[in-house]
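Quick note: the coordinates plus some simple rules give every number you see, no bench work behind them. Computed from a predicted structure; not experimentally measured. Here the Cβ positions follow ideal geometry from the backbone for every residue, glycine too, while neighbour counts run over all protein chains shown.
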Amino acid sequence: MIPDYQSLMLPVLQSADSEAVQTKDVIAKLAEKFGLSVDESADLLPSGKQKTFDNRVHWAKTYLKQAGLLSYPKRSFFIATEEGRRVLAEAPDRIDNKFLERYDAFQEFKSRKGSSSGAANAPTKGPKETDATPDEILRTAHSQINSALAADLLERVRTASPQFFENLIVDLLLAMGYGGTSEDAARALGQSGDNGVDGVIDQDPLGVDQIYVQAKRYAEGNNIGAGDIRDFFGALSLKKAQKGIFFTTSAFSSSATQTAKDLGMRIVLIDGNQLTKLMIRYNIGCRLEETVHLKKVDDEFFEGE
């Protein structure tokens, strides 16, 4: 029997107790530990694009990460944090969502609004009894998945290189329709004396109008201040530019937001949460896994029968 994702939380954390481990290796070892049959190991989600057991290991890993018990030192690897090792030293019988709720970071993660639906809980074996209608449950689950995806994307972007982040922003703007189809519509300028600007993108296919970009890959809590906005304004003035977009993986202080409003130039501010929403919407750093069509009876079709 394939274990549910909460039953996998403790084994996943134990697998990364002493050193960074690769996710695919952990999946293989846990499949052996739980005695999965060949058919169970090969069982696919309804989308047919991912194995069920792999998916549940990833959910367990995501939740442990959001609670602060795991960290991602590099791509495809994870390791227990100091708090994670402290938890393991207590030899708990089980780690599940209720256990993780003791952590403020996990509570904050659950309360994020991917849309109007609410808490971000991973899917369990089946929907619990609730007053919600089936379509409400479906929409809530969709929001929960997107909330976890956004958190994972933001963490990965924060640990990427500055050059990767700058190129990501350019890719995002192109996906949003800036620059038309020109191969030179967007350019990363961070490598060669950018004078305070990280990129430039043509707003139209002919390159008549351009938008300049600043990209700050900061950790959570290291917010952008008013001084950063004034520096960006100065850089735009040197280039005689009228429009700029300031991206950050953290957030903007209230003084930074007010400064952007007070300046005569059009400067748009995109923080980490807005960035991940745009990445999901335009499939940057993520891909479509499955499409579910929600249908209902067409009452007009049956009228007059």
Above-threshold pairs, the threshold being 26 Å between Cα atoms, out of LYS33/LYS98; LYS239/LYS261; LYS98/LYS295; LYS61/LYS98: LYS98/LYS295
Which of GLY48, ILE2, GLN66, positive extreme of dipole for the range 1-79 (C-beta unit charges): GLN66
Order of LEU44, LEU13 under a 10 Å beta carbon neighbour criterion, fewest first: LEU44, LEU13
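How do ASP262, ASP17, ASP39 line up, fewest other C-beta atoms within 10 Å first? Please list the in-between numbers first.
Values: ASP262 10, ASP17 13, ASP39 7.
Lowest to highest Cβ neighbour count: ASP39, ASP262, ASP17.
Using the crude model of +1 on Lys and Arg Cβ and -1 on Asp and Glu Cβ, and no other charge, please compute the dipole size for the range 1-100 relative to its Cα centre, in debye to 20.
Details: 14 positive and 14 negative charges, 74 e Å.
With only Lys, Arg, Asp and Glu charged at Cβ, the dipole is about 360 debye.
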From phi via Karplus (6.51, -1.76, 1.60), per-residue ³J(HN,Hα) for the range 153-160 in Hz, x at Gly/Pro: 4, 4, 5, 5, 5, 5, 9, 7
Those GluC sites (Glu not before Pro) in the range 2-41 that DSSP places in a loop and that have at most 16 other beta carbons within 10 Å: GLU19
Estimated inter-spin distance, ASP209 and ALA175, nm [label 7 Å along Cα→Cβ]: 2.4 nm
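Can you put ARG56, ARG266 in order, fewest other beta carbons within 10 Å first? If you can, show how the numbers build up before the last one.
Details: ARG56 23, ARG266 13.
The order, fewest Cβ neighbours first, is ARG266, ARG56.
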